[in-house]
1. Taking the Cα-to-Cβ direction at residue 66 and at residue 11 and moving 7 Å from each Cα, how far apart do the two end points lie in nm?
2. Taking the Cα centre of each part, how many Å lie between the stretch 220-243 and the stretch 64-89?
3. Quick one: how many lysine pairs does the chain have with C-alpha atoms less than 25 Å apart and a gap of 8 or more or different chains? Give me the count, please.
4. When log10 I(q)/I(0) by the Debye sum over Cα atoms at q = 0.15, 0.17 Å⁻¹ is calculated directly from the model, which label among (i) -1.24, -1.40; (ii) -1.01, -1.16; (iii) -1.06, -1.30 fits?
5. Over the chain, give the accessible area per residue in Å² for a 1.4 Å probe, as an integer.
6. Amide H of residue 51: which non-local residues (sequence gap of 5 or more, or other chain) have their own amide H closer than 5 Å, using H built in the peptide plane?
7. With every protein chain left in place, what is the accessible area of residue 215 in Å² (1.4 Å probe, nearest 10)?
8. Sum -39500 (n - 2.57) across every DSSP H segment of at least 4 residues in the chain, then divide by the residue count to get the 222 nm mean residue ellipticity, nearest 500.
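The values are calculated or read from the model by the stated rules, or taken from the named source; none is laboratory data. Just so we're clear, the structure is a prediction, and the values are computed from it rather than from any experiment. Don't worry about glycine lacking a Cβ; one is built from the backbone with ideal geometry, like all the others, and counts go over all protein chains shown. To get the accessible areas, we keep the full protein, side chains included, count just its heavy atoms, and leave off ligands, DNA and RNA. Shrake-Rupley method; radii C 1.70, N 1.55, O 1.52, S 1.80 Å.
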Amino acid sequence: MCIRDSMKRDAIGILYLANRRWSEPRKTAASMAPRFAARSFPFVWVTPAHHWRQTGERRRSGREVFYQPEDGCGVTVYEPPAHLPTTHRPAALARWLRARRLAQARSELIRQGAEKIVLYVWRPRYADALDLVRHDVSLYHIVDEYTFSSDDPPTPPAELRLIRDVDRLIVHSPALLDKKGRDGPTAFVPNGVDFSSFATPCPEPPDLQGIPRPRIGYCGYVKHQMDWDLLEALADRHRGWSWVYVGQLRHEDLAPRVEALG
């Protein structure tokens, strides 16, 4: 059960730009959101807007613009309405639409009692939000190298500006801290887990019961960044082990290698 702290004189509202839908598989941003919502007052998760070509689909869907999911523990999800889609051209229109969406989300925070707005940014693509919506404090939370390059390219200029301009920076790994940290207020927050979820005993799921032991488990996206040469060497050396993957196959060309692990 979630219990909100009593509302302080300067109520804090969080405008959360997480680059994914609430219903998508949970990652760091979604894991943290209910904890913020339980302690901050209030919290709006901003869903990426539909493309303008999907305007008719958005209108027919009948989804509410603001709603609280059953598993949200106080999170309010903002689903941009049909008349505020995303577009790329002309640039002036795209910027105006982004500003209108952010203004709607901010208005919901104010309606719920927020007096101070924290703009919480998770991706460089939202850098212009610092200029488009009124806020009191801005945060940029870095959990990855967002160029997603196999090399190590320089940080793009737009992200460098975001790093420079936010009030607080949060970084997940020492390598990212070395590359993207700054002299201003920066917090190093390593990855973690919800310990109680992993430590609490529970019945064995039916779809695991038929898999022989010992089982080697992995939970997360199945992707190129995993050490496949090591995994294949271990599978070859320990043919009695069962390899269990819980998560989506991010890169389809890895399917044969996954199957080969048995």
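1. 1.1
2. Distance between centres, Cα-based: 39 Å.
3. Number of lysine pairs found: 6.
4. Derived directly from the coordinates: (i).
5. For the chain, the solvent-accessible area averages 61 Å² per residue.
6. 86
7. Using a 1.4 Å probe on the heavy atoms, I get roughly 60 Å².
8. Result for the chain: -9000 deg cm²/dmol, rounded to the nearest 500.
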